[in-house]
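Accompanying notes for the structure given below.
The values are calculated or read from the model by the stated rules, or taken from the named source; none is laboratory data. Quick caveat, the model's predicted, so the values are computed rather than measured. Here Cβ is always computed from backbone atoms with ideal geometry, including for glycine, and neighbour counts include all displayed protein chains.
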Ligand SMILES: Nc1ncnc2c1ncn2[C@@H]1O[C@H](COP(=O)(O)OP(=O)(O)OP(=O)(O)O)[C@@H](O)[C@H]1O
Ligand code: SF4
Ligand SMILES: [Mg+2]
């Protein structure tokens, strides 16, 4: 297990270095940082000086090493457009995105597993037919359409929920949260539904398919032959076996919630990292773009590692190192 | 029926049990009026070619028939009481508690994600009103009894941490966990290494004898039958062809199909082999001939065999479904 964890960690680091290299390359290929900083009127002399001061005349491996060193410290320089430190911008926007993504992920996982299990157990009932049809909508409709639809129903027609922004937020140290005020909580509902819906349907279909498969296994039949109550067979024996493979795929999907947040944040004018990134792209604000890329990569790597570890906790066959190849 | 009448009667009594699969292309009769009894403490061997309906009979008794299949007639009595028409919950309480089951493959029989001790304790608690600690103590006792070395530590091991033979011992302890009256063992050693097959059969036989538990032992191994069973039922095309005391059926088979099978055991003592090959093959379910199902392969068939189906008829100590018996001609 230890060797496996080390290997996952090494892979994660490799991914981070690769993404860092891409981010770093943007500085060289997207626009001219010196021009961005000093404006059009500066003399050639001034530019040369600035370039040297910024280390832009050093060989690129040196520059990349410096970039990596700074990235590890969370430093990505100064935003071309806003003239503020990128790390401050990120810190300011992070809470909005994290609250949105974590709640969406929790919402998607909870209801995805719940509905999936229900649809697997009551395979032919009306309830599961409704769930399965609804899930087709979730899988096929683009996120922004779902967001706009929800806004239309709940903000425009019913006027129950706000259609944009975070509402009032409360400061907890450098963190800002919308969870402690009513308007903050109300503002979260539609974006969370929008962002979580696709993942929910995906997890649900996955859980259902996997659980139906598991219910055909010999050990389920043997559990019945031992007289274990059907509910215990479904919710203990089958569900646990269902979750082993589901955790991997669902975990990775949830990592992408952060990435999908871009669309949702744009639709709901959510002041998070996704919106920050979209702005940065419009203005070729390379330091912000680079920082965002690194952030997303880091999230994926962390999610990946967590999923790998969870896998170990769930499957004793992996824990003892036996039959890794056989898997499922 | 009261229980008192049946203390001396058979543990299990199957009569005219029929099972069919309703498919798009019609109704397939997979079991056709199967009848047999198993006495208290008795080991009944069940043999027959692949597809003869041995496993289906076991599933039907324990109430685990899967979807397109359904019972279409006959009854199953356990200690004299009908169990084939019970509610699912009533039947669940019988499974494990009154009738235990052992399947062929011990690797896939156990839930890979649960410790073996927990699986045994779970079974105990599903049927007996005991605390978790008592159930665990019982699990430990069972593991000890089935011969798992160092059971105190192995109780917390996962199924994959056991060898095939050890795993089947765990499965046996699961089947015995709630002290059933009858164990249905469906080819319990087929998936195992040859070197441990005999041990597992010996163990199963010893445990059941000690408890007075009856066994329905499905196998292809006539040697195992000869050494283990008290009586044997020979199945063919979803019917019982012959049933009787092992010695009689082996030495003096009354049904030509049984006679063909026993051809595999020339000396009848040691080195007994597997079932003999009889020329031809068993008919598919959609092509079972009228009259005697064995007629197309039977060397002794005559007119009546095609016209009328023979029922089980007394022939010495055995009963055989063959018109020859009626005519007093030995097979
Ligand atoms: N779901 C099903 N639909 C149609 N026919 C089936 C189905 N399940 C089993 N059968 C048929 O029922 C018959 C009896 O099967 P069964 O499994 O009881 O045989 P068996 O005697 O146990 O054979 P084996 O020695 O191979 O285990 C076979 O002909 C099989 O094809
Ligand atoms: S009834 Fe006729 S066909 Fe059937 S086994 Fe007896 S002799 Fe052969
Ligand atoms: Mg079988």
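Worth pointing out:
- Within region B:322-331, considering residues that are buried (at least 17 other Cβ atoms within 10 Å of the Cβ) and more than 7 Å from ligand 2 (Cβ to nearest atom), the one farthest from residue B:260 (Cα to Cα): B:325
- Residue ID - surrounded by the fewest Cβ atoms within 10 Å (Cβ to Cβ), chosen from residues in region B:198-225 that are more than 16 Å from ligand 1 (Cβ to nearest atom) and assigned to a strand (DSSP E or B): B:214
- The lone exception for residue B:132 - which of (1) more than 16 Å from ligand 1 (Cβ to nearest atom); (2) closer than 28 Å to residue B:11 by Cβ; (3) out of contact with any strand residue (DSSP E or B) (no Cβ under 9 Å at 6 or more places or on another chain); (4) more than 13 Å from chain A (Cβ to nearest Cβ) it fails: (2)
- Tally of residues being within 16 Å of ligand 3 (Cβ to nearest atom) and on the phi > 0 side of the Ramachandran plot across region B:188-245: 2
- Only one entry of A:210, A:265 meets the criterion of being in the same structural domain as residue A:151 (by TED's automatic domain parsing), assigned to a helix (DSSP H, G or I) and closer than 23 Å to residue A:118 by Cβ, and that entry is A:210.
- The number of residues in region B:283-310 that are without any contact (Cβ under 8 Å) to a residue 24 or more places away in the chain, more than 7 Å from ligand 2 (Cβ to nearest atom) and closer than 30 Å to residue B:23 by Cβ comes to 10.
- Condition broken by residue B:85, with the remaining ones in (1) buried (at least 16 other Cβ atoms within 10 Å of the Cβ); (2) on the phi < 0 side of the Ramachandran plot; (3) away from ligand 3 (no atom under 16 Å from the Cβ) satisfied: (1)
- Any hit, region A:233-252, residues being in a loop (DSSP other than H, G, I, E, B) and within 25 Å of the chain's Cα centre (by Cα): no
- Residue in region A:10-20 that is modelled with pLDDT of 85 or more, loosely packed, with under 13 Cβ neighbours inside 10 Å and out of contact with any helix residue (DSSP H, G or I) (no Cβ under 9 Å at 6 or more places or on another chain) present: yes
- Yes/no for residue A:88 being under 24 Å from residue A:284 (Cβ atoms) and part of a loop (DSSP other than H, G, I, E, B): no
- Scan region A:79-102 for residues that are buried (at least 19 other Cβ atoms within 10 Å of the Cβ) and over 14 Å from residue A:295 (Cβ atoms) and the total you get is 4.
- Of all residues in region A:315-327, exactly one satisfies the criterion of being surrounded by fewer than 19 Cβ atoms within 10 Å (Cβ to Cβ) and modelled with pLDDT of 80 or more, namely A:316.
- The listed residue being within 16 Å of ligand 2 (Cβ to nearest atom) and closer than 13 Å to residue B:238 by Cβ, out of B:53, B:69, B:73, B:48: B:48
- Total residues in region B:53-72, condition near ligand 1 (Cβ under 7 Å from one of its atoms) and either at pLDDT 95 or above or within 11 Å of the chain's Cα centre (by Cα) (or both): 5
- Out of A:216, A:221, one residue alone is in the same structural domain as residue A:149 (by TED's automatic domain parsing) and surrounded by fewer than 18 Cβ atoms within 10 Å (Cβ to Cβ). It is A:216.
- Of the residues making up region A:277-290, not a single one is over 28 Å from residue A:188 (Cα atoms), within 14 Å of another protein chain (Cβ to nearest Cβ), touching a residue at least 12 places away in the same chain (Cβ under 8 Å) and in a helix (DSSP H, G or I).
- Considering region B:126-185, the qualifying helices (runs of 4 or more DSSP H), each wholly inside and each with 2 or more residues that are closer than 19 Å to residue B:105 by Cα, run over B:164-176.
- The single condition among (1) within 16 Å of ligand 1 (Cβ to nearest atom); (2) more than 23 Å from residue B:297 (Cβ to Cβ) that residue B:15 does not meet is (1).
- In region B:17-68, the qualifying residues are those that are on the phi > 0 side of the Ramachandran plot and surrounded by fewer than 20 Cβ atoms within 10 Å (Cβ to Cβ), and the one that is nearest to ligand 3 (Cβ to nearest atom) is B:51.
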